[in-house]
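Encoded as structure tokens, the structure appears first; notes follow it.
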Amino acid sequence: MEFEEIDLQVGYLKGMLEFVDGSTLHFIEFVEIYGDLGVERPKYKYHLRSDTGDLITRWDNVPHHRGISSFPHHRHDQNGVYSSEPVDLRSVLDGIVERIDE
């Protein structure tokens, strides 16, 4: 994992996690902290790959799928692009743990 502090309220987190089933999660988060108002992630990407390197799922908010109802938030898998609620690293990790435990 890498963390770059841009200033006291802004940072960039980048890393990779490998799971017991051999799948890997590559992720980035650009984070802005607004005191008591909370945290925003103006840019994120979580890319889950199988042990062979194939795409399982990728969540991101790159504004390139304007036809998606949750624009700019969306999810990719082997079959296409879908609407997605905004996600964060914790919610993605929770979903991965559930998938591995099945």
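The C-beta contact set for segment 53-67 (first residue outside any loop (DSSP other than H, G, I, E, B), second residue of a type in the set (D, E) and at pLDDT 95 or above, distance under 8 angstrom, 6+ apart or interchain) comprises L55/D77; I56/D77; T57/D77; R58/D77.
So if I check each of L25, L48, L13, which one is assigned to a strand (DSSP E or B), in contact with an Asp or Glu (Cβ under 7 Å, 6 or more places away or on another chain) and surrounded by 15 or more Cβ atoms within 10 Å (Cβ to Cβ)? Lay out the reasoning, then the answer.
Details: L25 fails: in contact with an Asp or Glu (Cβ under 7 Å, 6 or more places away or on another chain); L48 fails: in contact with an Asp or Glu (Cβ under 7 Å, 6 or more places away or on another chain).
One residue alone meets the criteria, L13.
When both residues are 6+ apart or on different chains and their Cβ atoms are under 8 Å apart, which pairs have a first residue that lies in segment 1-29 and is within 19 Å of D77 (Cα to Cα) and in contact (Cβ under 8 Å) with a residue 24 or more places away in the chain, and a second that is part of a loop (DSSP other than H, G, I, E, B) and hydrophobic (A, V, I, L, M, F, W, C)? Pairs found: L25/F19. Of all residues in segment 33-42, those satisfying the criterion of being charged (D, E, K, R) and under 18 Å from P72 (Cα atoms) are E40, R41. Once segment 43-94 is narrowed to residues that are of a type in the set (D, E) and out of contact with any helix residue (DSSP H, G or I) (no Cβ under 9 Å at 6 or more places or on another chain), the residue that is nearest to V31 (Cα to Cα) is D88. Within segment 84-100, the residues that satisfy the criterion of being out of contact with any Asp or Glu (no Cβ under 9 Å at 6 or more places or on another chain), outside any loop (DSSP other than H, G, I, E, B) and loosely packed, with under 13 Cβ neighbours inside 10 Å are R90, D94, V97, E98.
Yes/no per residue for (1) among the hydroxyl-bearing types (S, T, Y); (2) under 18 Å from V81 (Cα atoms); (3) touching a Gly at 6+ places or on another chain (Cβ under 8 Å):
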| position | (1), (2), (3) |
| --- | --- |
| F3 | no, no, yes |
| I6 | no, no, no |
| V10 | no, no, no |
| M16 | no, no, no |
| D21 | no, no, no |
| E29 | no, no, no |
| L48 | no, yes, no |
| H64 | no, yes, no |
| I68 | no, yes, no |
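Hey, any hits in segment 34-43 for a residue that's modelled with pLDDT of 95 or more and either under 12 Å from the mean Cα position of the chain (by Cα) or surrounded by 14 or more Cβ atoms within 10 Å (Cβ to Cβ) (or both)? Yes.
The values are calculated or read from the model by the stated rules, or taken from the named source; none is laboratory data. Just so it is clear, the structure is predicted and the values come from calculations on it, not from any experiment. Because the Cβ atoms are built from the backbone with ideal geometry, glycine has one as well, and the counts that use them run over all protein chains shown.
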